[in-house]
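Taking it in order: structure first as structure tokens, then the write-up.
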Amino acid sequence: KYVALSYVHGNTRMFQTTKSNYKALRRDGALESQKAKLPKTISDAMKLVAMLGERYLWVDSLSTVQDDPLHKHAHLNNVHKIFGNAHLTILAASA
């Protein structure tokens, strides 16, 4: 059971999962040390998920390895399933 976030990335460069930080980000609590780097949209969604009593949030820039074409392609091909199977989706209309 998870919540998905659909949002506009905007024009700024943001923290994302890459091949170099993938293993570190898979550790429990890994995002705690990265909170200052996260866009407000994502940190606000994390707070909302916690307020709703939910545990997991799917965010494309964090859940997909952005510099791995195979990983990214696999996720893009399944995005309809990712959003379709989410308990609910948060829609942020602007960055």
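Can you check what the net charge comes to around S94, using other residues whose Cβ is under 14 Å from the Cβ of S94 (Lys, Arg +1; Asp, Glu -1)?
Summing Lys/Arg as +1 and Asp/Glu as -1 gives 0.
For the modelled label position 7 Å from the Cα of T18 along Cα-to-Cβ, which residues of the stretch 54-73 have backbone nitrogen atoms closer than 12 Å?
Counting backbone N atoms under 12 Å from the label point, the list is 66-68.
Tell me which label goes with the value of semi-axes √(5λ) of the Cα gyration tensor in Å computed from the coordinates here: [x] 41, 15, 13; [y] 19, 17, 14; [z] 39, 16, 13.
Matching entry in [x] 41, 15, 13; [y] 19, 17, 14; [z] 39, 16, 13: [y].
In terms of modelled amide H atoms, which long-range or inter-chain residues lie less than 5 Å from the amide H of I90?
Residues meeting the criterion, in which the H sits 1.01 Å from N, are A4, L5, S6.
Once you have the Cα-Cα distance between K37 and A92, take 0.36 nm times their residue separation minus that, and quote the gain in nm to one decimal.
18.0 nm
So if I place +1 on the C-beta of Lys and Arg and -1 on the C-beta of Asp and Glu, and nothing else carries charge, what would the dipole magnitude of the chain be about its Cα centre? I want it in debye, nearest 20.
Around 160 debye, computed over the chain.
For the chain, what does the helix formula give at 222 nm: sum of -39500 (n - 2.57) over DSSP H segments with n ≥ 4, over the residue count, nearest 500 deg cm²/dmol?
Mean residue ellipticity, 222 nm, calculated: -9000 deg cm²/dmol.
Give the separation of the Cα centroids, the stretch 1-57 to the stretch 66-84, in Å.
17
Of N77, M46, S6, whose Cα points farthest to the positive end of the dipole of the chain (charges on the beta-carbon: +1 Lys, Arg; -1 Asp, Glu; origin at the Cα centre)?
Going by the Cα projections, it comes out as M46.
Can you tell me the relative contact order of the chain? Whole percent, Cα pairs under 8 Å, sequence separation 6 or more.
56
Quick note: the coordinates plus some simple rules give every number you see, no bench work behind them. Just so it is clear, the model here is predicted, and its values are computed rather than measured. All Cβ positions, glycine included, derive from the backbone under ideal geometry; neighbour counts span all protein chains shown.
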